[in-house]
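The values are calculated or read from the model by the stated rules, or taken from the named source; none is laboratory data. A quick note: this is a predicted structure, and the numbers were derived from the prediction, not measured. Cβ coordinates were reconstructed from backbone atoms using ideal geometry, including for glycine residues, and neighbour counts include every protein chain displayed.
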Amino acid sequence: MAALRQVPGQASELLTPSAAARARQLEFLARTAVEGFFKGQNRSAFKGVSVEFFQHRMYMPGDDIRLLDWRILARTDRLVIREQQEFTNLDAIFALDVSGSMAYGREGLTKGEFARRCIAMLAFVLNRQNDRFGMALFSDKLSAFLPPSSGRAHMSELCRRLVAAPEGGETDVAACGSLLVRRVKRKSVLFFFSDGYQAPAPLVHALSILALRGHEIVFFHIYDPSETDLDFVGFTQFLDLETNQVDLADPAEIRLAYRAVFHEHQRRLRDGLLRAGIEFHPLPVRAEWDAALAEILRKRAS
């Protein structure tokens, strides 16, 4: 596996002009109700006055008579309130895996570099929608937390932290999820970017708890294409970037078994998250990282 490499030296490298142009054509809407302070595009957990009809209910003493549905009153002589659904901004948290294994990249971008660029692009989309976004960096512990906010200055700070974040330690998405339960109080959208290199059961359990708290969870499974097939030639020295363990093996001898293990791990991860009502998106590293993310967002919105 590749040696540890640094992420780009400038925050501007995270979001190229072409990626920003692509991002301006995208949007992200929460699928569940969110809480917010400003008018926006996302369905709110609260009801009020807006242009979107929600439901009818019987009039109760103290209700605003301006909300009466006069047509139903004229037809049935019943006092019925017409409730509307408010639309508001959302809070989003980008949970980025900065464990040692995210530094792997056989050619071009590492998994960590790829994930950082995707986060910057998605943050750009949310910022244009007047949504708030924050970030959690984790490996086997939560190493940094940026509370949600919005605006150019906040966008710059998020990119600065993305660039500066070192990689190291072991993957533990479950530990991050457990800590976010206490950190994130408002119903939010939580984006996890990780290679998921841990047992699926505790990972799924921790994220399920977040989902039960009313958060919307989106999990992006980041992996390098070479990790799926182990397409190396000849005896190869493999370095575990999380534990520094070194193993010498002939890929031809272990390829079939390795493929089976990789795909079974991904299947268990995917099936467990989907059963918990959590979105799962496989996201292999590729040079056209902005196109890869845009494709997922467009499919999600259709």
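Does L109 fit the bill of being crowded, with 23+ Cβ neighbours inside 10 Å, at pLDDT 75 or above and assigned by TED's automatic domain parsing to the domain that holds Y223? Judged against the criteria, L109 is not a match. Is there a residue in the stretch 96-105 that is hydrophobic (A, V, I, L, M, F, W, C), closer than 20 Å to D290 by Cβ and crowded, with 18+ Cβ neighbours inside 10 Å? So far as the stretch 96-105 goes, yes, one or more of its residues are hydrophobic (A, V, I, L, M, F, W, C), closer than 20 Å to D290 by Cβ and crowded, with 18+ Cβ neighbours inside 10 Å. Kindly indicate whether any position in the stretch 160-183 is modelled with pLDDT under 90 and assigned to a strand (DSSP E or B). The answer is no; no qualifying residue exists. I'd like to check something: does the stretch 228-238 contain any residue that is out of contact with any Phe, Trp or Tyr (no Cβ under 8 Å at 6 or more places or on another chain) and at pLDDT 90 or above? Within the stretch 228-238, not a single residue is out of contact with any Phe, Trp or Tyr (no Cβ under 8 Å at 6 or more places or on another chain) and at pLDDT 90 or above. Selection within the stretch 207-230: residues that are among the aliphatic types (A, V, I, L, M) and surrounded by fewer than 20 Cβ atoms within 10 Å (Cβ to Cβ). The member of this set that is nearest to A301 (Cα to Cα) is A211. Cβ-Cβ distances below 8 Å connect the following pairs, each with a first residue in the stretch 268-282 that is assigned by TED's automatic domain parsing to the domain that holds A201, a second residue that is among the basic types (K, R), and a separation of six or more residues or different chains: E279/R300; F280/R270; P282/R270.
The residue list F124, F53, F46, F133 contains one member that is assigned to a strand (DSSP E or B), at pLDDT 75 or above and either exposed (fewer than 13 other Cβ atoms within 10 Å of the Cβ) or in contact with a helix residue (DSSP H, G or I) (Cβ under 8 Å, 6 or more places away or on another chain) (or both), which is F133. Looking at this structure, is A175 closer than 15 Å to L96 by Cα, among the small types (G, A, S) and crowded, with 18+ Cβ neighbours inside 10 Å? So A175 fits the description; yes. Go through the stretch 157-186 residue by residue and tally those that are of a type in the set (V, I, T), closer than 20 Å to E113 by Cβ and without any contact (Cβ under 8 Å) to a residue 40 or more places away in the chain. Residues that pass the stated criteria total 0.
Does L256 fit the bill of being farther than 30 Å from E27 by Cα, modelled with pLDDT under 95 and surrounded by 17 or more Cβ atoms within 10 Å (Cβ to Cβ)?
Details: farther than 30 Å from E27 by Cα: yes; modelled with pLDDT under 95: yes; surrounded by 17 or more Cβ atoms within 10 Å (Cβ to Cβ): no.
So L256 fails the test.
Of the residues making up the stretch 281-302, just one is in a strand (DSSP E or B) and of a type in the set (A, V, I, L, M, F, W, C), namely L283. Residue count for the stretch 136-153 satisfying the condition of being surrounded by 16 or more Cβ atoms within 10 Å (Cβ to Cβ) and either part of a loop (DSSP other than H, G, I, E, B) or free of Cβ contacts under 8 Å to residues at least 24 places away in the same chain (or both): 4.
Is there a residue in the stretch 189-199 that is hydrophobic (A, V, I, L, M, F, W, C) and assigned to a loop (DSSP other than H, G, I, E, B)? Yes.
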